[in-house]
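S.K.: I'd like to ask some things about the structure below.
The values are calculated or read from the model by the stated rules, or taken from the named source; none is laboratory data. Being a predicted model, the structure only gives us computed values, none of them experimental. We place every Cβ from the backbone using ideal geometry, glycine too, and count neighbours over all the protein chains shown. These area figures cover heavy atoms from the full protein model, side chains too; ligands, DNA and RNA do not enter into them. Shrake-Rupley method; radii C 1.70, N 1.55, O 1.52, S 1.80 Å.
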Amino acid sequence: MCFSYSVHQVQNKLPFDPNNLQIPIPGFFFSGFEHPKLPICTASKKWELAQWGLIPSWADDPEKQSEIQKVTLNARSETAFEKPAFKDAWSRRPCIVVANGFFEWQHQGKLRVPYYISRKTDDFLWFGGLYEDIKINNQWQRTYTILTTEARGIMSEIHNAKNRMPVMLHGDTLGQWLHGNVEERQELCRPQATEFLHAHPVNPLLNKNSINRNASWAIESYQKPQTELPF
């Protein structure tokens, strides 16, 4: 799955049209459970901020909207076409979600060890997503979800409990994702090699949602301190 990621590079490095977009600052750690507004790109090829957690158009009750949004941060690419919350967006509203990197937790016995995953090169990651427009408190709001697929390579080693990873697009497939048909998008969702990814453990303080995790230390490599010998 993908429930937290970072996006902190300057907007003029984005493809297509980043005009009038302000990437949130500092942007090192965003938790989907806080439903932040983060950059997505739709078929218009314009970047904009949308709220993480897709709310389908048929959810017209505020309480229902809130409950649905808690469980729509991600959508399984294998079943999105048939799920009530996603099937309309799957057929008509693809989007690209941009990230510098994302976070996953490796289970080591009783421990949950956080990792930061990014490209080996200093580039953005592109996630396949879906979006929906919904009226919330009498105002139109754009919401989105990140599609996931079966983990491969380094991701299957890190996310060893759920064995999932975000659907990742390459630069030459972004246009196809936005303007292709559903069969083409489904093909882009298949598991792929992960040699282009780099991962390192990060500070276990990320396990504490009671502190401010949106700081540079969240993505820095962390090595567990050596226990001092008693002599």
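S.K.: If you consider only alpha-carbon coordinates, what radius of gyration and Dmax does segment 45-150 have, in Å?
M.R.: 15.5, 48
S.K.: Are there any chymotrypsin sites (Phe, Trp or Tyr not before Pro) in segment 27-62 that are in a DSSP loop and have at most 16 other Cβ atoms within 10 Å? List them by number. Each step should come with its number before you reach the end.
M.R.: Values: sites: Phe28, Phe29, Phe30, Phe33, Trp47, Trp52, Trp58; in loops: Phe28, Phe29, Trp58.
Answer in residue order: Trp58.
S.K.: Sticking with this one: Report the Cα centroid-to-centroid distance between segment 204-219 and segment 125-149 in angstrom, as an integer.
M.R.: 25
S.K.: If you don't mind, there's one more thing I want to ask. Given the whole protein assembly as supplied and a 1.4 Å probe, what does the accessible area of His179 come to in Å², nearest 10?
M.R.: Spelled out: His179, probe radius 1.4 Å, area about 110 Å².
S.K.: In addition: When the Cα centres of segment 168-203 and segment 1-23 are compared, how far apart do they sit, in Å?
M.R.: Between the Cα centre of segment 168-203 and that of segment 1-23, the gap is 16 Å.
S.K.: Can you give the local net charge around Trp90? Use residues other than it whose beta-carbon is closer than 10 angstrom to its beta-carbon, Lys and Arg +1, Asp and Glu -1.
M.R.: Combined, the nearby Lys, Arg, Asp and Glu give +3.
S.K.: Do any of Lys120/Lys224; Lys13/Lys208; Lys13/Lys135; Lys37/Lys135 go past 21 Å between their Cα atoms, and which?
M.R.: From the list (Lys120/Lys224; Lys13/Lys208; Lys13/Lys135; Lys37/Lys135), the Cα-Cα distance tops 21 Å for Lys120/Lys224; Lys13/Lys208; Lys13/Lys135.
S.K.: Taking amide H positions as placed 1.01 Å from N in the peptide plane, with prolines and chain starts having none, which residues 5 or more places from Arg119, or on another chain, fall under 5 Å of its amide H?
M.R.: The answer is His198.
S.K.: About the Cα centre of the chain, how large is the charge dipole given +1 on each Lys and Arg Cβ and -1 on each Asp and Glu Cβ? Please answer in debye to the nearest 20. Before the final figure, lay out each step's value.
M.R.: On the way: 25 positive and 24 negative charges, 60 e Å.
Here the chain has a charge dipole of around 280 debye.
S.K.: What does the highest-first list of 95-103, 116-124 look like by mean Cβ count within 10 Å? The partial results should precede the final answer.
M.R.: Working: 95-103: 24.6, 116-124: 16.1.
The peptides rank, most packed first, as 95-103, 116-124.
S.K.: Right, something else. If segment 1-40 were replaced by its equivalent ellipsoid, with semi-axes equal to the square roots of 5 times the Cα gyration tensor eigenvalues, what would those be, largest first, whole Å?
M.R.: 20, 10, 9
S.K.: Which whole-Hz ³J(HN,Hα) couplings does segment 132-145 yield from phi under the Karplus relation 6.51 cos²θ - 1.76 cosθ + 1.60, θ = phi - 60°, glycine and proline marked x?
M.R.: Values, residue by residue: 8, 9, 9, 8, 10, 6, 6, 10, 6, 10, 8, 10, 8, 9 Hz.
S.K.: Then there is this: Of Gln186, Thr149, Ser210, which is farthest along the charge dipole of segment 113-231 in the positive direction, counting Lys and Arg as +1 and Asp and Glu as -1 at C-beta?
M.R.: So the residue furthest toward the plus end is Ser210.
S.K.: I've got another one for you. So what are the three principal axis dimensions of segment 73-123 from its Cα atoms, in whole Å, longest to shortest?
M.R.: Cα extents, longest axis first: 38, 32, 15 Å.
S.K.: Still on this structure, I have one more. Write out the trypsin sites (Lys or Arg not before Pro) in segment 5-67 meeting two conditions: DSSP loop, and at most 13 other Cβ atoms within 10 Å of their Cβ.
M.R.: Here no trypsin sites (Lys or Arg not before Pro) fit, given the DSSP loop and packing criteria.
S.K.: Setting aside same-chain residues fewer than 8 positions from Lys70, which aspartates and glutamates have a Cα under 17 Å from its Cα?
M.R.: Glu34, Asp60, Asp61, Glu132, Asp133
S.K.: Short version: ³J(HN,Hα) in whole Hz for each residue of segment 42-52, in order, from phi by Karplus 6.51 cos²θ - 1.76 cosθ + 1.60 (θ = phi - 60°), x for Gly and Pro, what are they?
M.R.: Residue by residue, segment 42-52 yields 9, 4, 6, 6, 10, 7, 8, 8, 9, 8, 6 Hz.
S.K.: Within the accessible area of segment 78-226, what % is carbon and sulfur when the probe is 1.4 Å and the other protein chains stay in place?
M.R.: Here carbon and sulfur together make up 47 percent of the probe-accessible area.
S.K.: So, one more: If Rh is defined by the Kirkwood formula over all Cα pairs and Rg also comes from Cα, what ratio Rg/Rh do you get for the chain? Working shown, then result.
M.R.: Values: Rg = 17.8 Å, Rh = 18.2 Å.
Result: Rg/Rh = 0.98.
S.K.: Something else: Once phi is turned into ³J(HN,Hα) by the Karplus curve 6.51 cos²θ - 1.76 cosθ + 1.60 with θ = phi - 60°, what whole-Hz value does each residue of segment 24-40 show in order, with x for glycine and proline?
M.R.: In residue order, the calculated couplings are x, 10, x, x, 7, 8, 10, 9, x, 5, 9, 6, x, 9, 9, x, 9 Hz.
S.K.: Taking every pair of distinct Cα atoms and averaging 1/r, then inverting, what Kirkwood hydrodynamic radius in Å comes out for segment 136-231?
M.R.: 17.3 Å is the Kirkwood radius here.
S.K.: Another question, then. Compute the relative contact order of segment 93-132 as a whole-number percentage, counting only Cα pairs closer than 8 Å that sit 6 or more residues apart in sequence.
M.R.: Details: 61 pairs, mean separation 21.9, N = 40.
For segment 93-132, the relative contact order is 55 percent.
S.K.: Net charge near Gln51, counting Lys/Arg +1 and Asp/Glu -1 over other residues with Cβ under 14 Å of its Cβ? Don't skip to the answer; put the middle values down first.
M.R.: Numbers: positive: Lys37, Lys70, Lys135, Arg142; negative: Glu34, Glu48, Glu132, Asp133.
Net of charged neighbours comes to 0.
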